[in-house]
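In what follows, a structure is listed as structure tokens, so that the remarks can point back to it.
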Amino acid sequence: MQELEEIGTSRASIETIRNYLGEEADYLLNHTCEKIPRNILHLPGPDFVDRIFMDSDRPTQVLRNLKSIFNHGRLAGTGYLSILPVDQGVEHSAAASFTPNPEYFDPENIVKLAIEGGCNAVASTLGVLGAVSRRYAHRIPFIVKINHNELLT
């Protein structure tokens, strides 16, 4: 629980979570994995990009972009990420995905949601991000998703 407090979660939020989890709260919140030793894990932290990727063969610009993502949003500098992925309009049909919230069919509203939510980055298709890049690319890191279905071709 101390780790949660260190990244900005208030005591009241922890109590809310405990109440929600009920009788399982202690088991779920205080679980210690005994199968995998902690010392072999690459745990998140402020130095995550330097510690994990610095000695890799990734180009300098990739490292710079990774650092930009890890140092943006509400979780900046913690080693944790919150990325808003949206490619629903192409991959899963816009009608099915956006009927409950049609305002998010507009690419600008998707990016605004990521900014307002304090996300580290927003991930979507080239078309969605390209439509709003001039206005928003300097305000939140963009990640182009290239693994989606192409129902239009």
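Results, tabulated for the structure shown:
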{"quantity": "First in segment 41-55 and in contact (Cβ under 8 Å) with a residue 40 or more places away in the chain, second anywhere and part of a loop (DSSP other than H, G, I, E, B) and among the hydroxyl-bearing types (Ser, Thr, Tyr), Cβ under 9 Å, 6 or more apart", "calculated": "none"}
{"quantity": "Output for segment 125-145, where each listed residue is within 19 Å of VAL62 (Cα to Cα), in contact (Cβ under 8 Å) with a residue 40 or more places away in the chain and either surrounded by 19 or more Cβ atoms within 10 Å (Cβ to Cβ) or of a type in the set (D, E, K, R) (or both)", "calculated": "ILE140, PRO141, LYS145"}
{"quantity": "Enumeration of residues in segment 99-124 that are more than 16 Å from the chain's Cα centre (by Cα) and either among the polar types (S, T, N, Q) or under 24 Å from GLY79 (Cβ atoms) (or both)", "calculated": "THR99, ASN101, ASN109"}
{"quantity": "Restricting segment 86-117 to residues that are exposed (fewer than 15 other Cβ atoms within 10 Å of the Cβ) and not in a helix (DSSP H, G or I), the residue that is modelled with the highest pLDDT", "calculated": "GLY117"}
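The values are calculated or read from the model by the stated rules, or taken from the named source; none is laboratory data. Remember, it's a predicted structure, so these values are computed and weren't measured experimentally. Virtual Cβ from ideal backbone geometry, glycine too; neighbours counted across all protein chains shown.
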